[in-house]
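Data first, discussion second: the structure below is written as structure tokens.
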Amino acid sequence: MNIQLARTFLEVLEAGNLNRAAERLNVTQSTVTMRINTLEDELGRRLLVRSKSGVGLTNAGFKFRRYAEMLVQIWHQAQQEIALPEPFEGTLNIGYEVDLWDGGVDDWLAWFAHERPEIALQVWAGDGEALNRWLASGLIDCAVTFGDALKGEFGSEPIFSDRLVLVSREKRPLRDWDPGYITVDWGEAFRRAHALAYPASETSPISFGDGAFALRHILARGGSGHLPLRAVRGHLDAGRLHLVAQAPEFTRPAFLARSPYMAGHVAKADWFEDAVAVLKKLGNRFADLDLMTHPFPGA
């Protein structure tokens, strides 16, 4: 299939009608119409419902949309990889969940830059569903994920378990309930353990489904919440956050998943296995830290 056809299909959906899509693609409307007709002929299905008010998706068009996105992304990725200058010996495409960035994936990329500068990296942030699609299509070679949404036959292995510690912007002792406490949804296992540790009669005024935004909120507005030790260690060092002594701790496992289409030279390369070992080491830096003896990293 001509990639231009898939790109035009996506542009029409983004623009909302054929005229605006033609302007954005710098072609005539008749060209856009011809490309959509050709695409529908090749697939043997009508993809768009066209009207004076714009365009809508048919059932077939709805199904095709995600494949069109993958086709365009993979083509862009192929162009970038083929255009790599000579000093680069390989490419690694990494996907990750946003909550695994601070103290995890970001430090891993720093290691690559220092120890493996000959490896070109392409890094994609996404939620569990997106990582599933990207792994299945081969858009990414591996994903750093909590694994809650992994559905395919991916080769996955545990890399570390996050320590979720209770931190507060203000220094305070442990008490039965903090009215400024913020709940972060760290998955089903966390919800069960959290329910046992905290009384059901108390409800947080604010809940977050994203740990990074919860951290930003606590830093800006105050309050407390359970966050990964790896992500808050710098704030603890700087005194912007404080550990709540003797508070319940929770854990959440993280995994490295590999695409079934992972290039053979990457899957078998010594440098990749070294990189996986480094990622595990980075994630486990605080696994055995006694927070009673050392109130925060670096103390």
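The values are calculated or read from the model by the stated rules, or taken from the named source; none is laboratory data. Keep in mind the model is a prediction, meaning the values are calculated, not measured. Virtual Cβ from ideal backbone geometry, glycine too; neighbours counted across all protein chains shown.
Per-structure values
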read-out: Filtered residue count, region 208-237, keeping only those that are in a helix (DSSP H, G or I) and farther than 13 Å from SER168 by Cα; value: 7
read-out: Selection from region 256-265 of residues that are surrounded by fewer than 19 Cβ atoms within 10 Å (Cβ to Cβ) and either modelled with pLDDT of 90 or more or not aromatic (Phe, Trp, Tyr) (or both); value: PRO260, ALA263, GLY264, HIS265
read-out: Which listed residue, of LEU219, LEU241, LEU229, is crowded, with 19+ Cβ neighbours inside 10 Å, over 22 Å from the mean Cα position of the chain (by Cα), touching a residue at least 24 places away in the same chain (Cβ under 8 Å) and in the same structural domain as ASP185 (by TED's automatic domain parsing); value: LEU241
read-out: Helices (runs of 4 or more DSSP H) lying entirely in region 96-202 (those with 2 or more residues that are within 16 Å of VAL278 (Cα to Cα) and out of contact with any Leu (no Cβ under 9 Å at 6 or more places or on another chain)); value: 106-115
read-out: Some residue of region 262-277 being over 23 Å from ILE159 (Cβ atoms) and of a type in the set (Phe, Trp, Tyr); value: no
read-out: Subset tally (residues that are in contact (Cβ under 8 Å) with a residue 40 or more places away in the chain and not aliphatic (A, V, I, L, M)) for region 1-28; value: 2
read-out: Residue within region 148-170 that is touching an Asp or Glu at 6+ places or on another chain (Cβ under 6 Å), surrounded by 13 or more Cβ atoms within 10 Å (Cβ to Cβ), modelled with pLDDT of 85 or more and of a type in the set (Gly, Ala, Ser) present; value: no
read-out: Hey, SER224 of a type in the set (S, T, N, Q), free of Cβ contacts under 8 Å to residues at least 40 places away in the same chain, closer than 23 Å to VAL98 by Cβ and not assigned by TED's automatic domain parsing to the domain that holds ASP148 or not; value: no
read-out: Some residue of region 263-271 being closer than 30 Å to GLU118 by Cα, within 19 Å of the chain's Cα centre (by Cα) and in the same structural domain as LEU109 (by TED's automatic domain parsing); value: no
read-out: Set GLU81, GLU23, GLU14, GLU42: member being modelled with pLDDT under 85, surrounded by fewer than 16 Cβ atoms within 10 Å (Cβ to Cβ) and either part of a helix (DSSP H, G or I) or not polar (S, T, N, Q) (or both); value: GLU81
